[in-house]
1. Which helices pass in the chain if a helix is a full DSSP H run, must span at least 30 angstrom along its long axis by Cα, and must have mean Kyte-Doolittle hydropathy not below -0.5?
2. Scan around VAL92 for amide H atoms under 5 Å from its own, H built in the peptide plane at 1.01 Å from N, and keep only partners 5 or more places away or cross-chain.
3. What would the Debye formula give as log10 I(q)/I(0) at q = 0.12, 0.19 Å⁻¹ for the alpha-carbon point model of the range 117-263, no solvent?
4. Return THR185, THR215, THR266, THR80 ranked ascending by Cβ neighbour count within 10 Å, so the fewest neighbours appear first.
5. Would you please calculate the Kirkwood hydrodynamic radius of the range 1-145 over all C-alpha pairs and express it in Å, rounded to one decimal?
6. Quick one: plug the Kirkwood hydrodynamic radius of the chain (C-alpha pairs) into Stokes-Einstein at 10 °C, 1.306 mPa s, and report D in µm²/s.
7. At q = 0.20, 0.21, 0.23 Å⁻¹, work out log10 I(q)/I(0) for the range 22-85 with the Debye formula, treating every Cα as an identical point scatterer and leaving solvent out; two decimals please.
8. On full extension of the chain, what length is gained from LEU70 through ARG181, given 0.36 nm per residue of separation minus the C-alpha to C-alpha distance?
Amino acid sequence: MTADPVAGRPGPADRTRVFSGMQPSGAVHLGNLLGALRSWVVLQDEADCTYAVVDLHAITAPDEHDPAALAPRTLDLATTLLAAGIDPDRSVLFVQSHVREHAELAWLLNCVATFGELGRMPQFRDKSAGRDASVSVGLFDYPVLQTADIILYHADRVPVGEDQRHHIELARDIAQRFNHRFGPTFTLPRAMLPPVAARVMDLQEPTRKMSKSTTSERGIVHVLDAPDAIAAKFRSAVTDSDGEVRADREAKPGVTNLLEILAAVTGGTVEHAVAAHGGGGYGALKAAVAEAVVEHLRPVRARHAELAADPAEVGRVLAAGAERARAVAAPTLARARDAMGFLAPA
Ligand code: TYM
């Protein structure tokens, strides 16, 4: 992978830069892990990675924003990211609101992004459907802040699940428009989706993506769920009545979801999963998926328990991360301000 060169970009031009973020709006689930977090961990071997707990994004929906829960959830998400393998010696891990450049660049980009393109974002349309007058401006503007997150770090690649693809394409459009209007300033990012499980579905409603705002807790597997809870959730997963283990997203969303999850956690393909389990029934498939998921999550759960015993250490990691993030973000913001023609402070 080669990066598109932008004059003034710090560091080696041929090293890929990665940025991604996760909201502290609830416990990390299997969709977050398989769609994004696993790729974050793997990319640390080959790229310069910056990852953020995006707390400013978590206040855009008033019904999901509980002031008493925000700080503990932020710390717990950081703890979970570390437990899953984010290594602060190789990656920059920080809390978005600790680096003020994000909010400031978002304002500058607000004057480059258009009302029309934000209004077309599928996620905004879903979340605001039928209540246009009462959704926050922040929810509407959410992808602009996300754009700022990404381009402050000159990211080439953004590892995300399928639901974020439109937001990354928008980030690219906004960066490109800025460069065109004010001169080359930002690297143009691209989304990076995993080969399987880019869209993990709810176990109870397999036509809906697994999401923190699910209707039934039984449909969502949390990374820190106890093994017997995970087994019970897979046992009650909704499938279909034809009894045949094969992949077909349209006709067999529940079975296909199980096969994709199995492929993702065993590092194989859906074809392998069908070859291994095609002869058995749904019960055997569910048991195999549950076992593989439990084994996959066991070390994460153990490591989380260790790290959670020393929150001050996680706090130190985040403070050091914010400092390193600022060292890249501040000069990028300064370039953008300069390109737009602001009077520099004396
Ligand atoms: P968030 O916090 O909703 O989700 C974090 C990551 O998990 C992925 N994901 C899924 N992948 C597969 N199947 C699912 N069911 C599933 N549910 C969630 C998401 O695609 C995401 O990659 N807007 C972002 C956060 C963000 C961000 C950024 C991401 C803010 N700034 C900059 C990338 C770059 C969000 O709400 O993700």
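1. Values: long enough: 282-308 (37 Å, 0.19); 311-340 (41 Å, 0.14).
Passing helices, by number: 282-308, 311-340.
2. Correct list: CYS49, THR50, TYR51.
3. -0.66, -1.14
4. Working: THR185 21, THR215 12, THR266 17, THR80 27.
Ranking THR185, THR215, THR266, THR80 by Cβ neighbours within 10 Å, fewest first, gives THR215, THR266, THR185, THR80.
5. Details: mean 1/r = 0.0590 Å⁻¹.
Hydrodynamic radius (Kirkwood, Cα only) of the range 1-145 equals 16.9 Å.
6. Values: Rh = 21.1 Å.
The estimated diffusion coefficient comes to 75 µm²/s.
7. So the normalised log intensities are -0.79, -0.85, -0.98.
8. Numbers: separation 111, 0.36 × 111 = 39.96 nm, distance 3.77 nm.
Using 0.36 nm per residue and subtracting the Cα-Cα distance, I get 36.2 nm.
Where a number appears in this text, it was derived from the coordinates with a stated rule and is not lab data. Given the structure is predicted, the values throughout are model-derived calculations rather than measurements. So basically every Cβ, Gly included, is an ideal-geometry build from the backbone, and we count neighbours across all protein chains shown.
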